[in-house]
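Peer 1: Next up is a structure, given as structure tokens.
Just so it is clear, none of the values below were taken in a lab; they were calculated from the coordinates. Computed from a predicted model, the values in this text were never measured in an experiment. Positions of Cβ are generated from backbone atoms using ideal geometry, with glycine treated the same way; all protein chains shown enter the neighbour counts.
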Amino acid sequence: MFPVRDPQRTLRTISLFRYGMAGLFLLLASFREEKLLFLGLAVLALVMARTGFCPVIRR
């Protein structure tokens, strides 16, 4: 666990990064052969962004 100065801001930043990753995975799923892999990764990134799951940030 990492102690941070502003946990809410850190979690928002991580969430924004995960939404970006989900968008990238959806884009890759539309162009690459491994559609199921990238769709699964996109769903995982979206779920993690929506729930705010981050085990390394101390709240």
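Peer 1: What's the angle, to the nearest 10 degrees (0 to 90), between helix 35-51's Cα axis and the longest principal axis of the chain?
Peer 2: Once rounded, the angle reads 20 degrees.
Peer 1: 222 nm [θ] for the chain, helices only, -39500 (n - 2.57) per DSSP H run of 4+, per residue, to 500?
Peer 2: Calculated mean residue ellipticity at 222 nm is -24500 deg cm²/dmol.
Peer 1: Put +1 on the Cβ of every Lys and Arg and -1 on every Asp and Glu Cβ in segment 1-43; which of 8, 31, 20 then has its Cα farthest towards the positive end of the dipole?
Peer 2: Positive-most Cα among the choices belongs to 8.
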